[in-house]
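Down below is the structure, laid out as structure tokens.
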Amino acid sequence: MEPLTQFLARLPKIELHVHLESTMPGELLDRFARRQGRRLPRSPGELYCCSAEDLSDFLAFLDRICSYVGTAEELALVAEQFALSCSREGILYAEAILNPTHWPQFPPAQIIAALTEGFDRGQATGGAPCAFTLSLSRTQTETEALQLVETMAACRTHRLAGLSIDGNEALTGPTGRRFRAAFQRAGQLGFGRTVHAGESSGPEGVREALDLLEADRLDHGVRAAEDPALVERLVREQVPLNICLSSNLALLYRDPSQHPLRRLLDAGAAVTLNRDDPTFLGSLTLTEELRRAAEFAAMTREELVGCQETAARAAFCSAETRARLLKTLADFHRTM
Ligand code: ADE
Ligand code: ZN
């Protein structure tokens with residue numbers, strides 16, 4: 001049988017859960033910082049070495065590194081480089097998350113324009129087709145959330161795929177009611193809806209995401225495994241779970257044996273595999289993330305392809321793009 005690394009290099013890959021804030025190489029940020037007459041806190045090669053102790057630490061550090069991006073052109077370059085890095089490792093299609101609260105220097109309308117420009121340029125020069133969701137922070141108000149959705153409607157582009165929510169639920173407590181109207185409005189406008197839940201929240205956060213926010217898919221969702229009835233529901237409704245094993249092992253599970261990836265696969269959950277925060281995880285590639293997942297959960301090759309098919313079905317893309325992704329995966333499957 002073909003070695004796993006060779007198989008994964010060849011596998012057409014799809015990624016739905018990766019934060020653009022966590023894709024900026026230290027060298028690129030160093031260039032941007034110098035343009036502002038500033039210096040990074042550490043050398044570019046070591047920028048991401050001091051890994052955060054917990055999610056709150058980590059989110060505060062994200063604010064800091066985003067401040068080095070000073071112009072819309074630099075933000076477009078971040079998007080362009082991400083698209084190019086995806087195609088270099090055989091990612092067919094990716095959806096990145098950007099949370100405007102990490103970027104107070106740019107109004108959301110400017111962010112939408114810059115990412116669209118960057119992803120367009122990336123694809124035109126051989127990069128993977130990419131789209132993005134804009135993410136609310138759990139600390140925002142209902143009015144701010146509704147404002148963001150109205151800006152998304154007014155400034156919509158072919159790259160803007162949906163609304164998401166991230167941040168630390170352990171600090172804010174449940175926020176489903178506060179964001180219900182914004183998520184409803186996003187749904188009416190035809191945007192995809194994805195929610196970080198079941199990471200810093202337990203099963204109750206996952207229920208809120210489904211019942212109050214009507215999420216089309218969940219980012220993480222792994223802590224749903226604490227509640228067997230909820231897992232049954234996720235399987236029955238085939239709610240896509242955008243799981244990030246390396247991120248979870250760094251921030252969430254002190255004991256790796258507690259991670260439920262294998263249990264969720266065995267239960268028949270709709271699992272996709274993703275990086276979440278690659279620069280903070282040692283410049284993690286999706287190929288390496290898949291290798292780790294394969295090893296960790298003893299995944300078969302059928303399961304690895306299955307996760308890509310699940311991602312193709314869960315993507316907030318056009319019907320034509322979905323058909324193309326599924327066809328590429330079916331063609332690949334025949335070569336196995
Ligand atoms: N923003 C970036 N990474 C995140 C994570 N793992 N959880 C919540 N918000 C995030
Ligand atoms: Zn995430």
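The values are calculated or read from the model by the stated rules, or taken from the named source; none is laboratory data. Note that this is a predicted model, so its numbers are computed, not measured. Methodologically, a virtual Cβ is constructed for each residue, glycine included, from the backbone with ideal geometry; neighbour enumeration extends over all protein chains shown. Only protein heavy atoms, including side chains, enter the accessible area calculation; ligands, DNA and RNA are left aside. Shrake-Rupley method; radii C 1.70, N 1.55, O 1.52, S 1.80 Å.
Within segment 4-27, track down each residue that is surrounded by fewer than 22 Cβ atoms within 10 Å (Cβ to Cβ) and of a type in the set (D, E, K, R).
Once the filter is applied, which keeps residues that are surrounded by fewer than 22 Cβ atoms within 10 Å (Cβ to Cβ) and of a type in the set (D, E, K, R), segment 4-27 yields ARG10, GLU27.
Can you confirm whether ASP30 is within 16 Å of ligand 1 (Cβ to nearest atom) and farther than 24 Å from ASP120 by Cα? Don't jump to the end; show me each part of the working.
Values: within 16 Å of ligand 1 (Cβ to nearest atom): no; farther than 24 Å from ASP120 by Cα: yes.
For ASP30, the condition - within 16 Å of ligand 1 (Cβ to nearest atom) and farther than 24 Å from ASP120 by Cα - is not met.
Somewhere in segment 77-88, is a residue surrounded by 14 or more Cβ atoms within 10 Å (Cβ to Cβ) and within 16 Å of ligand 2 (Cβ to nearest atom)?
yes
Wholly within segment 266-336, which helices (runs of 4 or more DSSP H) include no fewer than the required count, namely at least 2 residues that are touching a residue at least 24 places away in the same chain (Cβ under 8 Å) and more than 19 Å from SER87 (Cα to Cα)?
Passing ranges, in order: 286-296, 301-314.
Please name all residue pairs, on different chains or six or more residues apart, with Cβ atoms under 6 Å, provided the first residue is in segment 169-181 and is part of a loop (DSSP other than H, G, I, E, B) and the second residue is charged (D, E, K, R).
Hits for this filter: PRO174/GLU208; THR175/ARG138.
Condition check: outside any strand (DSSP E or B) and buried (at least 21 other Cβ atoms within 10 Å of the Cβ). Does GLN140 satisfy that? Lay out the reasoning, then the answer.
Details: outside any strand (DSSP E or B): yes; buried (at least 21 other Cβ atoms within 10 Å of the Cβ): yes.
Yes; evaluated as a whole, the condition is true for this residue.
Please work out which one of (1) buried (at least 22 other Cβ atoms within 10 Å of the Cβ); (2) within 30 Å of CYS49 (Cα to Cα); (3) of a type outside the set (Lys, Arg) is the condition ALA209 fails and give its number.
Unmet for ALA209, out of (1) buried (at least 22 other Cβ atoms within 10 Å of the Cβ); (2) within 30 Å of CYS49 (Cα to Cα); (3) of a type outside the set (Lys, Arg): (2).
Output the number of the condition that VAL18 fails; it satisfies all remaining conditions of (1) more than 16 Å from ligand 2 (Cβ to nearest atom); (2) in contact with a helix residue (DSSP H, G or I) (Cβ under 8 Å, 6 or more places away or on another chain); (3) not basic (Lys, Arg).
(1)
Okay, residues lined up against (1) over 17 Å from THR279 (Cα atoms); (2) free of Cβ contacts under 8 Å to residues at least 12 places away in the same chain; (3) buried (at least 17 other Cβ atoms within 10 Å of the Cβ):
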{"residue": "GLU2", "(1), (2), (3)": "yes, yes, no"}
{"residue": "LEU29", "(1), (2), (3)": "no, no, yes"}
{"residue": "TYR48", "(1), (2), (3)": "no, no, yes"}
{"residue": "LEU55", "(1), (2), (3)": "no, no, yes"}
{"residue": "TYR93", "(1), (2), (3)": "yes, no, yes"}
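When you scan segment 267-281, do you find a residue that is open to solvent by 50 Å² or more (accessible area, probe 1.4 Å) and modelled with pLDDT of 95 or more, even just one?
No.
Please work out which one of (1) part of a helix (DSSP H, G or I); (2) under 30 Å from THR139 (Cα atoms); (3) in contact with a Gly (Cβ under 9 Å, 6 or more places away or on another chain); (4) open to solvent by less than 10 Å² (accessible area, probe 1.4 Å) is the condition GLU74 fails and give its number.
Failing condition for GLU74: (3).
Pairs please, first residue from segment 212-240 and in contact (Cβ under 8 Å) with a residue 60 or more places away in the chain, second anywhere and open to solvent by 20 Å² or more (accessible area, probe 1.4 Å) and away from ligand 2 (no atom under 16 Å from the Cβ), Cβ atoms under 7 Å, 6+ apart in sequence or on different chains.
Close Cβ pairs (under 7 Å, with a partner that is open to solvent by 20 Å² or more (accessible area, probe 1.4 Å) and away from ligand 2 (no atom under 16 Å from the Cβ)) amount to PRO240/THR310.
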